[in-house]
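Working notes, structure below.
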Amino acid sequence: MTRRQALLLAGAGVVGAGVGVTGLLRRWGSPPGGPLSSLSSEPGPTGSALREPESIASEGGSLHVTLTAAAGRVDLAGRSVRALSYNGSVPGPTLRLRPGDRVTLDLENRLGAATNLHVHGLHVSPEGNSDNVFVHVEEGEAFRYEYEIPRDHPAGTFWYHPHLHGLVADQLFGGMVGAIVIERDDAVSLPVDRERMLVVTDVTLDGDRVAQVSTRDRMMGREGDLVLVNGQLKPTVTVAPGGREHWRLINACTSRFLRLRTDGAEFLQIAGDAGLLAEPTPVERVLLAPGNRTELLVRVPEPGRHRLLAEPVDRGIAGMGGMGGMMRGRAAGGEATVTLLHVEATGQAVQPVELPPRLADLDDLRGLDLDRERRLTMAMAMGMGMGRGVGLTIDGREFDAARVDTTVRLGTVEEWTIINDSPMDHPFHLHVWPMQVLARDGRPVNGSPQWLDVVNVAARTSVTVRVRLNDFPGRTVYHCHILDHEDLGMMGVVEATG
Ligand code: C2O
Ligand code: CU
Ligand code: CU
């Protein structure tokens, strides 16, 4: 048995036996959903007011926080469910940080399996006890992470989740996720009524526990039956008609893509993965691959009831029928439009204040001299991956933590063409350095620079990005952010040398 298979088995234990013991120990407490709701197989009532995760903010340049990763009962979709969480809630607390901060984060592991932590999108060191995804924190142990947020770090919406190869999808699906916000004093100020954090996850429940998934679900990238916002099923937000709210949205689903739209509100997009856009941009729809974030100014002009919806996204599942016949069945890729939120505009109408026409001056790598060009190919290869039939690879290889796949030099600008030679979409994610999208399938991206840290490479297409390797020596990873694919091997190691 390979180490990864052992980890996969251990992963099954996380939502099986591991939770069972803790669940039993906690059974005699009072579960938030009450005994009736935990017996019912129907999800809890919808339409309750949206809650937001607790915020923990740095003060005077530092933050010391403990995150306890544990298996136990949490309130999920309006019921008491045996799941995994940070500090007992799904999502875990929102960390609010500022450039120049020193963050000390103690991760305590009471999951019944190993884990670790990744701060997705933060431009921080990947070495030592900073954002090092090679760290293992065993059950019963604690690990002290220390992050130094650079003074020039952009403001934006980021997030944290486990990153222990082989267990990432199960642990995220189990409930382990939280948001990170970086605020800058010198950022443009936005005249809004209020700000909201909306962490979108999906989950399938089996009785009062998180369901296990099949090998086929892993190959496809699992999609949960329930799509939740801040752990709630179709909660309601109440807004002032005519006013403007600032919503931060994180696609923290394990594998599900979200194409956001609304049936009556207006969206102005102001930020993406890497912080502010150049200017507020009216949008009807926003596509978030797993891992992507967006920030929207939302306005409902008239009193009334509306919804925030996620439309189905074809991520190339149909073409998978041909791959050994094992890919058929309840297609991931979502068949129906899902309601994420009810939006109720009631009360006193508000006149919105004028918005600043420009939000930020963005770095633009187009037209710069390149130090190096590379090609990376994501593929699904038959006859690889023991017992699975299909291997998920980058450049023909499955992940090996002991191998460096790509070596880059600090102080350079590189151009990477990421080729998807498979019948499914693969959202490509690079740690530490954001990517500027230059071209999609050979068609150049014009207009304002597009900066992302997860860029979807649609089935049988390519995407060209540029990366400014300005800082941080050490080893880190790039991978498919369909986290089932990452766990199955679609990840590579990149080492930056000085
Ligand atoms: Cu959001 Cu390598 O992860
Ligand atoms: Cu990441
Ligand atoms: Cu993938």
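Proximity of backbone amide H atoms, modeled 1.01 Å from N, is registered between Ala114 and Glu139 at under 5 Å, excluding neighbours fewer than 5 places apart on the same chain.
Rounded to 0.05, the FRET efficiency of the Glu54 and Arg285 pair, given R0 = 35 Å and the Cβ-Cβ distance, is 0.65.
Placing pseudo-labels 7 Å out from each Cα toward the beta carbon at Asp186 and Ala142 gives an inter-label distance of 3.7 nm. Cβ-Cβ distance of Arg397 and Gln269, R₀ of 25 Å, FRET efficiency by 1/(1 + (r/R0)^6): the value works out to about 0.10.
Net charge of the neighbourhood of Ile149, taken over other residues with C-beta under 12 Å away and scored Lys/Arg +1, Asp/Glu -1, is -1.
Given the alpha-carbon gyration tensor of the range 143-201, what are the semi-axes of its equivalent ellipsoid in whole angstrom, ordered largest first, with each equal to the square root of 5 times an eigenvalue? Before the final figure, lay out the partial values.
Numbers: eigenvalues 154, 62, 11 Å².
Semi-axes (√(5λ), whole Å): 28, 18, 7.
Counting only protein heavy atoms and using a 1.4 Å probe, the accessible area of Phe472 comes to about 30 Å². Over the range 365-497, the hull volume per residue, using the convex hull of the C-alpha atoms, is 95 Å³.
Per atom type, the chain shows carbon and sulfur on 49% of its accessible surface, probed at 1.4 Å. Taking the Cα centre of the chain as origin and assigning +1 to Lys and Arg Cβ atoms and -1 to Asp and Glu Cβ atoms, the resulting dipole is close to 1140 debye.
Note on Thr497/Thr238: beta-carbon distance plugged into 1/(1 + (r/R0)^6) with R0 of 51 Å gives a FRET efficiency of 0.45. So for the chain, Kirkwood radius off the Cα pairs, Stokes-Einstein at 25 °C and 0.890 mPa s: how many µm² s⁻¹? In µm²/s, the coefficient is 107. Our helix-only sum for the chain, with -39,500 (n - 2.57) per DSSP H run of n ≥ 4 divided by its residues, gives a mean residue ellipticity at 222 nm of -2500 deg cm²/dmol. The distance separating the Cα centre of the range 201-258 from that of the range 426-498 comes to 24 Å. For the range 435-447, backbone phi angles converted through the Karplus equation (6.51, -1.76, 1.60; θ = phi - 60°) give residue-by-residue couplings of 10, 8, 7, 9, 7, 10, 6, x, 8, x, 8, 9, x Hz, Gly and Pro being listed as x.
Per residue, the chain exposes an accessible area of 38 Å² to a 1.4 Å probe, with every protein chain left in place.
Would you work out which of Gly224, Gly140, Pro352 lies farthest towards the positive end of the dipole of the chain? Charges go on Cβ: Lys and Arg +1, Asp and Glu -1. Ranked along the dipole, the leading option is Gly224.
The values are calculated or read from the model by the stated rules, or taken from the named source; none is laboratory data. Being a predicted model, the structure only gives us computed values, none of them experimental. Note that we place each Cβ from the backbone using ideal geometry, even for glycine, and neighbour counts take in every protein chain shown. Note: accessible area is taken over every heavy atom of the protein model, side chains too, but ligands, DNA and RNA are not part of it. Shrake-Rupley method; radii C 1.70, N 1.55, O 1.52, S 1.80 Å.
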